[in-house]
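The values are calculated or read from the model by the stated rules, or taken from the named source; none is laboratory data. Because the structure is a prediction, the values reported are computed rather than measured. As a convention, Cβ positions derive from the backbone with ideal geometry for all residues, glycine included, and neighbour counts pool all protein chains shown. Side chains included, ligands, DNA and RNA excluded: accessible areas come from the protein's heavy atoms. Shrake-Rupley method; radii C 1.70, N 1.55, O 1.52, S 1.80 Å.
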Amino acid sequence: MVEAEAIELLLHKVVSRYGYDFSDYARASLHRRIDLFYTKTKQPSFTLMQERLMQDPVFFMNFVEQITVNVTEMFRDAGFYKMLREHVLPVLATYPFIRIWHAGCSTGEEVFSLAILLKEANLLHKSILYATDINQAVLAKAKTGIFHVATMRQNSENYIRSGGKEDFSVYYHANHNNAKFDSALSEKMIFSTHNLVADASFNEFQLILCRNVLIYFNRELQGKVLQLFDRSLDSLGFLALGSKESLKFSPIAGYYKQVVYNEKVWRKNK
Amino acid sequence: MAQEQINKAGLIIIGGSSGSLEVLMKVLPALKKDFAIPLIIIMHRNTVADSALTELFASRTSLNVKEADEKDALQAGYIYIAPPDYHLLTEADRTLSLDVSERVHYCRPSIDVSFMSAAVAYKNELVAILLSGANADGAAGIKTIKEAGGYTIVQEPGEAGVSYMPEQALLTNAVDRVMKGDELAEWLNNLK
Ligand SMILES: C[S@@+](CC[C@H](N)C(=O)[O-])C[C@H]1O[C@@H](n2cnc3c(N)ncnc32)[C@H](O)[C@@H]1O
């Protein structure tokens with residue numbers, strides 16, 4: 001394993017050369033991912049890898065893509081989506097226009113899942129889903145609306161557990177290994193890069209989802225990002241986090257109320 | 001015995017898969033009330049319903065049992081259970097963190113992932129125990145822990161419900177001690 005000091009030095013060089021600041025990421029995972037990148041790319045030595053990262057922006061972007069964790073799935077935690085259907089969408093339905101932000105959307109499965117929920121609640125026509133990530137490669141994939149057909153069985157099961165009543169296959173066309181999702185869903189999506197560490201708020205939303213992203217940040221950065229969400233939410237907006245994330249201990253906790261006991265959605269109240 | 005090799009145990013980490021639940025159900029009740037070393041348990045989650053595991057263990061010991069949350073500070077008197085579908089990592093500042101990255105050996109939580117990060121954080125203050133299982137997960141972690149100066153134990157394959165996992169660990173030549181499930185609690189109670 002690479003020494004912790006070498007990792008710190010590398011992170012330091014990365015900020016000064018490229019402006020990407022990973023210094024407030026939780027170290028254990030970051031360390032592991034950098035180790036994996038180093039092994040996978042078969043660099044002759046850690047020092048040489050560092051030099052190449054400094055000189056080769058394409059190699060560096062590849063590094064960013066590999067050290068971030070992009071694992072995701074459709075209707076991840078089906079109970080969460082069920083709760084959105086029952087407690088959040090009925091409120092959003094009362095608005096003339098619905099703006100949603102998926103921060104850290106990865107390859108887009110979460111965005112397509114929500115679009116399906118909105119469609120079934122007859123809200124998609126008045127919604128826009130902004131989906132952002134630090135990683136350009138996952139966004140490019142998300143934009144295609146194409147997912148591996150082998151995941152569709154699990155997706156369909158999750159969909160049903162989320163309260164879905166359709167035959168899930170109505171939402172995509174299968175072709176060889178690909179399942180291409182209905183463009184009526186993706187028409188309402190806007191994908192773009194956005195770095196939660198450095199970039200500003202860009203709109204005012206009724207719902208922000210940031211799931212399984214904050215677990216990679218230290219407490220301080222978590223607080224900063226939650227404040228960014230707070231600035232980007234309507235006065236009665238909703239904020240949704242991952243199943244092991246919470247507003248507890250955060251600077252904004254006082255202005256938010258959990259919508260359903262034990263479910264990871266809070267409503268702003270100020 | 002070889003316990004003298006361990007200067008000061010700061011953390012105990014236990015990994016297990018099929019056949020390990022039985023062992024833990026005997027070890028945990030036998031730990032002394034003032035057991036003063038934090039303990040982490042990584043169990044592959046196919047044996048027990050997910051939420052049930054923490055409750056099940058809690059019902060068998062007077063120590064505090066909690067499903068691990070990110071940023072939990074590791075404390076004496078606590079047993080931390082890796083939550084389903086997350087890898088559980090230990091930070092250098094002796095807090096916990098969670099990660100949803102790819103499965104390792106088809107597993108999330110993976111024992112290797114937890115063992116390796118604990119090795120970095122606790123070095124020679126770490127004691128690791130690998131129990132019964134039908135998976136190679138844990139073996140690489142045992143090796144890393146040994147290299148970092150930690151102390152490694154595996155359950156005796158002959159008495160393990162499934163011998164494969166401890167056997168794979170033994171192949172690394174990085175195991176300090178082979179123990180029977182019945183010996184574990186007393187050994188742990190005598191740790192400093
Ligand atoms: C584990 S995925 C979560 C995907 C999805 N939200 C879910 O829960 O299934 C975490 C995502 O956060 C992104 N991410 C990490 N750091 C980020 C940052 N500073 N700004 C924006 N996105 C970031 C990663 O690129 C990755 O796609």
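Numbers below:
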read-out	value
B:M179/A:S192 FRET efficiency (R0 45 Å; Cβ-Cβ; nearest 0.05)	0.20
Förster radius 35 Å - calculated FRET efficiency between A:S169 and A:K42, Cβ distance, rounded to 0.05	0.25
Total accessible area lost when B and A pair, probe 1.4 Å, Å² to nearest 100	1800
Derived scalar couplings ³J(HN,Hα) [segment A:65-72; Karplus, 6.51 cos²θ - 1.76 cosθ + 1.60; whole Hz; x for Gly, Pro]	5, 7, 7, 7, 9, 10, 5, 7
Solvent-accessible ranking of A:H148, A:H125, largest area first, probe 1.4 Å	A:H125, A:H148
Residues in segment B:112-149 that, when all protein chains are in place, have 30 Å² or more less accessible area than the chain alone would give (probe 1.4 Å)	B:V120
Residue among A:R33, A:R52, A:R161 with the largest mean-square fluctuation in a Gaussian network model of chain A, springs linking Cα atoms under 10 Å	A:R52
Cα convex hull volume per residue for segment A:78-268 (Å³)	113
In nm, spacing of pseudo-spin labels at A:Y261 and A:L236 (7 Å Cα→C-beta vector)	2.5
Cα-based helix-to-principal-axis angle, A:219-232 vs chain A, degrees rounded to 10	40
The protein assembly as shown: antiparallel DSSP beta bridges as a percent of all, rounded to 5	30
On Cα atoms only, tilt of A:4-18 relative to the major axis of chain A in degrees	70
By accessible area with a 1.4 Å probe, ligands and nucleic acids excluded, highest first: order of A:Y25, A:Y38	A:Y38, A:Y25
Longest segment of chain A lacking GluC sites (Glu not before Pro) that sit in a DSSP loop with at most 16 other Cβ atoms within 10 Å	A:4-165
Residues along segment A:25-62 losing 50 Å² or more of accessible surface when the other protein chains are present rather than the chain by itself (probe 1.4 Å)	A:A28, A:R32
Neighbour net charge for A:L84 - beta-carbon separation under 14 angstrom, K R +1, D E -1	+3
Rg(Cα) / (2.2 N^0.38 Å) computed for the protein assembly as shown, rounded to two decimals	1.03
Estimated [θ] at 222 nm from DSSP helical runs (n ≥ 4, -39500 (n - 2.57)) normalised by residues in chain B, nearest 500	-8000 deg cm²/dmol
Extension gain from A:D199 to A:I128, taking 0.36 nm per residue of separation minus the Cα-Cα distance	23.5 nm
Solvent-accessible heavy-atom area per residue, rounded to whole Å², over segment A:4-67 at 1.4 Å	49
On Cα atoms only, tilt of A:27-40 relative to the major axis of chain A in degrees	70
Sequence-distant residues sharing a close amide H with A:Y25 (under 5 Å, placed H)	A:N218
Solvent-accessible heavy-atom area per residue, rounded to whole Å², over segment B:101-192 at 1.4 Å	38
Gained length - A:V149 relative to A:Q227, 0.36 nm times residue gap less alpha-carbon distance	24.3 nm
DSSP bridge pairs, chain A: antiparallel proportion in percent, nearest 5	40
Distance (nanometres) between label positions extended 7 Å along Cα→Cβ at A:L9 and A:D21	2.3
Estimated distance in nm for a label pair at A:D56 and B:A73, the labels positioned 7 Å out from Cα along Cα-to-Cβ	4.4
Surface share of carbon and sulfur [accessible, 1.4 angstrom probe, percent] for the protein assembly as shown	51
Pairwise centroid distance, computed over Cα atoms, of segment A:124-190 with segment B:84-120, Å	29
Which of B:I13, A:I160 is most accessible, then next, and so on - probe 1.4 Å	A:I160, B:I13
For segment B:1-40 versus segment B:151-192, the gap between their alpha-carbon centres in whole angstrom	11
DSSP bridge orientation in chain B - percent antiparallel, rounded to nearest 5	20
